[in-house]
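This report concerns only the one structure given below.
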Amino acid sequence: MPSYYVNRNQQPDGFHEVHIDDHSCPFPPEYANRAPLGQHPNCQSAVAAAKRQYPKSDGCAYCVPNCHTR
Ligand SMILES: [Zn+2]
């Protein structure tokens, strides 16, 4: 199962983006801004976990496009 993390910093539209932790993202946040979400079977599960921390969370358009909904 892949690991995921959420950006502690919000995007200009107020959303916190969830990224997959496998070095595939071309636009990852700084390491210091990554809040680990642990391992998840899919990005939907990772975004659900992120929403417990940040209700406005969404998948990164680049590394988890299946979970990018806005
Ligand atoms: Zn990403």
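Bear in mind that the values in this text are calculations on the coordinates, not laboratory data. Treat the numbers as computed from the prediction; the structure is a model and nothing was measured. In this analysis, Cβ positions are derived from the backbone assuming ideal geometry, glycine residues included, and neighbour counts consider all displayed protein chains.
Points worth noting:
- Number of residues in the range 1-42 that are more than 21 Å from T69 (Cβ to Cβ), among the hydrophobic types (A, V, I, L, M, F, W, C) and within 13 Å of the ligand (Cβ to nearest atom) equals 0.
- If the condition is being without any contact (Cβ under 8 Å) to a residue 40 or more places away in the chain, outside any helix (DSSP H, G or I) and more than 15 Å from the ligand (Cβ to nearest atom), then the range 43-70 contributes only P55.
- Considering residues of the range 12-70 that are of a type in the set (F, W, Y) and surrounded by 15 or more Cβ atoms within 10 Å (Cβ to Cβ) only, the residue nearest to P2 (Cα to Cα): Y62
- Scanning the range 32-42 for residues that are of a type in the set (A, V, I, L, M) and part of a helix (DSSP H, G or I) gives a single hit, A32.
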